[in-house]
Amino acid sequence: MRWRVKAVAIAAVTAVVTVASCAQTITGTAQRANPAVPDPERSYGYVDNRCGLLEDSSIQEMLGAQSVVRPYSGAVCQYVLERDSSADAGSATMIDVVYSWFESGNLDREKALAQQRGAKVTDKVIERHEAFLARRDTNGAGCSATTAAGPGVLSWWVQTRGRADADPCKDAEKLLAATLSSDL
């Protein structure tokens with residue numbers, strides 16, 4: 001009988017200590033962990049006739065375009081796509097897309113430049129990477145999705161010619177997510 005009383009007493013003391021130690025209030029605001037860039041050694045440059053690790057046909061499919069032309073490739077890749085406009089039957093919408101990856105770059109610098117140029121900047125997390133969208137409608141709707149990746153900075157810019165009612169940010173974000181999740 002004594003061993004039962006002793007066991008109950010030990011259990012009670014353990015419960016009280018556990019509850020007391022877990023009942024603390026911590027002040028402050030929860031913040032997302034800000035880890036280093038995933039895959040800091042990974043290259044996102046122009047390789048095997050692919051920009052941003054994506055095939056031209058993949059870009060065409062992701063953006064729902066009927067055709068794609070890549071007039072320039074290198075550190076910066078330029079695309080011109082054409083897709084049917086849902087608003088005007090029979091008319092086509094031209095989309096300009098630019099991919100860039102610079103081995104040395106800084107996300108804060110890129111964000112500051114976008115803000116200086118009058119873009120509306122929105123912070124995002126895309127494929128575990130701190131990123132931002134920068135919308136700037138000058139000649140149609142335009143938006144870039146930019147993140148630090150590998151040792152540098154990469155960005156997709158999407159601009160719909162002559163249409164301010166389009167949402168190029170979702171297309172830019174989609175291309176950035178596909179690049180960051182691509183396998184070499």
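Scan segment 77-86 and tell me whether some residue there is touching a Lys or Arg at 6+ places or on another chain (Cβ under 7 Å), among the hydrophobic types (A, V, I, L, M, F, W, C) and in a strand (DSSP E or B).
yes
Looking at segment 157-181 only, could you name the residues that are among the aliphatic types (A, V, I, L, M) and either more than 13 Å from Val97 (Cβ to Cβ) or surrounded by 22 or more Cβ atoms within 10 Å (Cβ to Cβ) (or both)?
Answer for segment 157-181, where residues must be among the aliphatic types (A, V, I, L, M) and either more than 13 Å from Val97 (Cβ to Cβ) or surrounded by 22 or more Cβ atoms within 10 Å (Cβ to Cβ) (or both): Val158, Ala164, Ala166, Ala172, Leu175, Leu176, Ala177, Leu180.
Can you report the number of residues in segment 114-173 which are more than 9 Å from the chain's Cα centre (by Cα), of a type outside the set (Ser, Thr, Tyr) and assigned to a loop (DSSP other than H, G, I, E, B)?
Qualifying residue count, segment 114-173: 14.
Inside segment 90-104, can you point out the residues that are under 19 Å from the mean Cα position of the chain (by Cα) and either buried (at least 19 other Cβ atoms within 10 Å of the Cβ) or under 12 Å from Gly52 (Cα atoms) (or both)?
Val97, Val98, Tyr99, Ser100, Trp101, Phe102
Under 8 Å between Cβ atoms, which residue pairs at least 6 apart in sequence (or on different chains) link something in segment 63-75 that is within 12 Å of Asp96 (Cβ to Cβ) and free of Cβ contacts under 8 Å to residues at least 24 places away in the same chain with a partner that is among the polar types (S, T, N, Q) and in a strand (DSSP E or B)?
Arg70/Gln78; Pro71/Gln78; Tyr72/Gln78
So, in segment 23-81, exactly how many residues are modelled with pLDDT of 80 or more, within 22 Å of Glu130 (Cα to Cα) and crowded, with 17+ Cβ neighbours inside 10 Å?
Selection size over segment 23-81: 3.
What are the residues in segment 46-67 that are within 16 Å of Ser155 (Cα to Cα) and assigned to a strand (DSSP E or B), if any?
Selection gives Arg50, Cys51, Leu54.
The values are calculated or read from the model by the stated rules, or taken from the named source; none is laboratory data. Since this is a predicted model, take the numbers as computed values, not measurements. Here Cβ is always computed from backbone atoms with ideal geometry, including for glycine, and neighbour counts include all displayed protein chains.
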